Amino acid sequence: MFVSRRQALAQVLATGAAFGSSLNPERRRPNILFFLTDDQRRDAMSAYGNKILYTPNLDRIAASGTRFELGFATNALCRPSRASILTGQYSHSHQVLTNGDGRDLPGRDGLRRDQITFPQIFRQNGYWTALAGKWHLASEPGGFDEYAILPGQGIYLDPPMIVNGAHVQFRGHVEDVVGDQTIHMLEHRPKGKPFCMLSHFKAPHREWIPAARFADRFADVHIPEPRTFNDTLAGRPKAVRDAEDKLVDLPDFRDRGCPDSLTRAERKECNLQQLVKNYYRVLLGVDENVGRILDYLQDEGELENTIVVYTSDNGFFLGDHGLMDKRLMYEESIAVPFVIAWPAAMPKGVVDDKHLVINCDFAPTLLDLAGLPIPGSMQGKSLKPLLEGKNVPDWRASILCEYFEYPAVHCVRMNRGIRTHDWKLIHFWQDPQEWELYNLRDDPGETRNLAADPKYRQTLDELKQRLQQLREETHDVDLPSADPGPCEFGISGDGPKRSG
Ligand code: SGN
């Protein structure tokens with residue numbers, strides 16, 4: 001059962017009485033367990049209301065802490081978002097702007113080992129730090145005592161990994177391997193130190209290959225069409241209409257149940273069924289392995305004093321607006337699961353649906369909760385007062401999102417924008433420039449672009465100004481806005497779309 005903020009505050013005071021001081025890090029330094037998935041949208045978890053996908057272990061984390069309803073990636077792309085999580089900075093500050101695929105901006109590929117990250121600071125302060133799973137940040141992981149990473153995107157079956165610099169071949173499904181590696185590292189950790197363990201699953205990233213034991217799940221389930229499935233994209237920028245991310249064109253299921261003989265309408269529906277079912281199946285593997293890791297820590301008596309985070313690098317379109325993939329600034333693409341629990345010291349079962357929180361907030365929050373100083377380079381805010389159930393009247397009223405990977409797979413042009421509680425403004429800032437404006441209260445599906453409507457001129461101007469302010473506050477600079485020309489990467493990165 002979920003509790004109100006007032007009840008949460010009462011819980012903090014009660015916990016404080018029991019433990020001496022509720023969030024007093026001197027009591028015993030908390031461990032950190034950071035779960036990160038790849039492309040998991042916010043509602044792909046039963047605690048967030050999913051009625052088809054049941055994720056009891058992910059929900060366990062939510063039940064033992066705070067689940068944020070307004071948690072967002074500031075860049076809906078893997079590598080930049082991961083860099084934001086680690087550094088607490090926006091993409092334009094950490095400068096990991098793209099995945100490095102396609103024509104990248106020179107010198108801006110991957111995270112440098114000298115960039116300040118939260119694991120590095122935990123390590124400098126006596127923590128044992130480790131990483132298992134997807135890294136994708138090009139460089140060798142810095143700030144870890146131990147690591148076992150998937151090279152690049154990793155693969156689903158029998159994945160090779162790089163273990164502390166050495167190439168090792170593993171057998172089995174990638175989520176089980178990441179679960180095993182996480183537990184193995186925790187078992188062999190130096191027991192006299194607190195730990196900071198990052199467990200980064202590959203799922204539910206493309207190409208959605210589930211472990212054999214989940215292959216038949218949802219076979220008899222009909223996946224309902226999302227409310228914007230048949231969005232014609234009328235009134236939307238050419239940049240949106242031209243993006244190579246239309247679900248009907250997804251070729252992945254041609255040999256997995258959606259043959260070429262289908263009509264376009266049939267293929268779109270077939271792709272929806274196959275995509276969502278397989279996306280959910282690979283998440284069942286994550287849920288099970290998260291459960292194993294939590295059980296291990298519980299048996300060890302460590303779970304109570306471990307701060308557990310569960311989140312994803314970005315969201316994903318599952319047929320919304322007729323699309324797949326992410327990169328655009330619509331809700332499904334930027335909204336992520338955002339859960340933080342510290343059973344020994346923080347209120348349990350809290351739902352925060354008021355505060356806008358972002359991936360840059362994780363690093364300062366974890367440092368703050370552990371009583372460590374937050375470096376000035378970090379641009380996110382500590383969520384500690386929110387987690388304590390305190391009222392923070394001057395909390396941020398808008399967030400900045402950005403995207404820079406063009407031309408590249410899916411051909412989504414560079415864009416940036418801001419989201420407030422009620423509005424969203426999106427700017428495709430390279431020539432020819434285009435704008436989108438949505439009223440999220442009246443039009444939560446983001447289908448009516450109001451940018452050219454004279455009635456909303458004042459709102460548009462105010463939001464433009466606020467976007468500019470946010471950029472200035474976070475030291476963003478203008479990049480060349482010349483038309484970058486056509487994109488020929490297509491929906492699979494191998495040229496213009498293949499289906500007719
Ligand atoms: C691959 C995928 C794309 C996906 C990018 C980025 N194609 O290129 O669909 O957008 O990764 O994903 S695939 O056929 O090669 O899987 S990200 O998670 O790294 O941002």
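The values are calculated or read from the model by the stated rules, or taken from the named source; none is laboratory data. What you see is a predicted model, and the numbers here were worked out from it, not measured in a lab. A quick note on method: Cβ atoms are made from the backbone with ideal geometry, for glycine too, and the neighbour counts reach across all protein chains shown. Calculation scope for accessible area: heavy atoms of the full protein, side chains included, ligands and nucleic acids excluded. Shrake-Rupley method; radii C 1.70, N 1.55, O 1.52, S 1.80 Å.
Tabulated results
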{"quantity": "Viscosity 0.890 mPa s, 25 °C: Kirkwood-radius Stokes-Einstein D of the range 371-431 over Cα pairs, µm²/s", "calculated": "167"}
{"quantity": "Computed P(r) (all Cα pairs; the range 404-492; 5 Å bins; percent)", "calculated": "3, 13, 20, 21, 18, 16, 8, 1, 0"}
{"quantity": "Per-q log10 I(q)/I(0), the range 242-296, q = 0.14, 0.20, 0.31 Å⁻¹ (Debye; single scatterer per alpha-carbon; no solvent)", "calculated": "-0.49, -0.71, -1.15"}
{"quantity": "Cysteines, the chain, no other Cys beta-carbon under 4.7 Å", "calculated": "Cys78, Cys196, Cys360, Cys401"}
{"quantity": "J(HN,Hα) series, the range 85-97, from Karplus relation 6.51 cos²θ - 1.76 cosθ + 1.60, nearest Hz, glycine and proline x", "calculated": "4, 6, 9, x, 10, 5, 3, 5, 8, 6, 6, 8, 7"}
{"quantity": "Angstrom value of the Kirkwood radius, inverse mean 1/r, which spans all Cα pairs in the range 427-474", "calculated": "11.8"}
{"quantity": "Ordering of 216-229, 164-177 by packing [mean C-beta count within 10 Å, highest first]", "calculated": "164-177, 216-229"}
{"quantity": "Rotationally averaged projected area of the range 135-229 (alpha carbon convex hull; nm²)", "calculated": "8.9"}
{"quantity": "5 Å binning of all Cα-Cα separations within the range 343-500, expressed as whole percents from 0 upward", "calculated": "2, 7, 13, 15, 15, 15, 13, 10, 6, 3, 1, 0"}
{"quantity": "For the range 444-456, Karplus couplings with θ = phi - 60° (6.51, -1.76, 1.60), whole Hz, Gly/Pro x", "calculated": "x, x, 6, 10, 10, 6, 9, 4, 9, 8, x, 5, 10"}
{"quantity": "At R0 = 30 Å, FRET efficiency that the Cβ-Cβ distance of Glu225 and Tyr456 yields, to 0.05", "calculated": "0.55"}
{"quantity": "Protection-proxy order for peptides 287-294, 36-43, each taking the mean of Cβ atoms within 10 Å per residue, highest first", "calculated": "36-43, 287-294"}
{"quantity": "Segment Asp478-Asp494, extension gain: residue separation times 0.36 nm, minus the distance between their alpha carbons", "calculated": "2.7 nm"}
{"quantity": "Over the chain: Rg over Rh, Cα atoms, Kirkwood Rh", "calculated": "0.95"}
{"quantity": "Mean separation of Cα contacts under 8 Å (6+ apart) over length of the range 5-395, as relative contact order %", "calculated": "32"}
{"quantity": "Exposure of Cys411 as accessible area (Å², to 10), given a probe of 1.4 Å and all protein chains", "calculated": "10"}
{"quantity": "Lysines whose Cα lies under 28 Å from that of Lys246, excluding same-chain neighbours fewer than 8 positions away", "calculated": "Lys51, Lys134, Lys202, Lys238, Lys268, Lys277, Lys326, Lys424, Lys497"}
{"quantity": "When the convex hull of its Cα atoms is projected in every direction, mean area for the range 203-253 (nm²)", "calculated": "5.1"}
{"quantity": "Per-pair calculated FRET efficiency, R0 = 60 Å: Ala265 and Asp394 via Cβ, rounded to 0.05", "calculated": "0.75"}
{"quantity": "Per residue accessible area of the range 96-190, 1.4 Å probe, in Å²", "calculated": "41"}
{"quantity": "Percent accessible area from carbon and sulfur atoms, the chain, protein chains only, probe 1.4 Å", "calculated": "50"}
{"quantity": "FRET efficiency for Arg241 and Glu187, using Cβ-Cβ distance with R0 set to 60 Å, rounded to 0.05", "calculated": "0.70"}
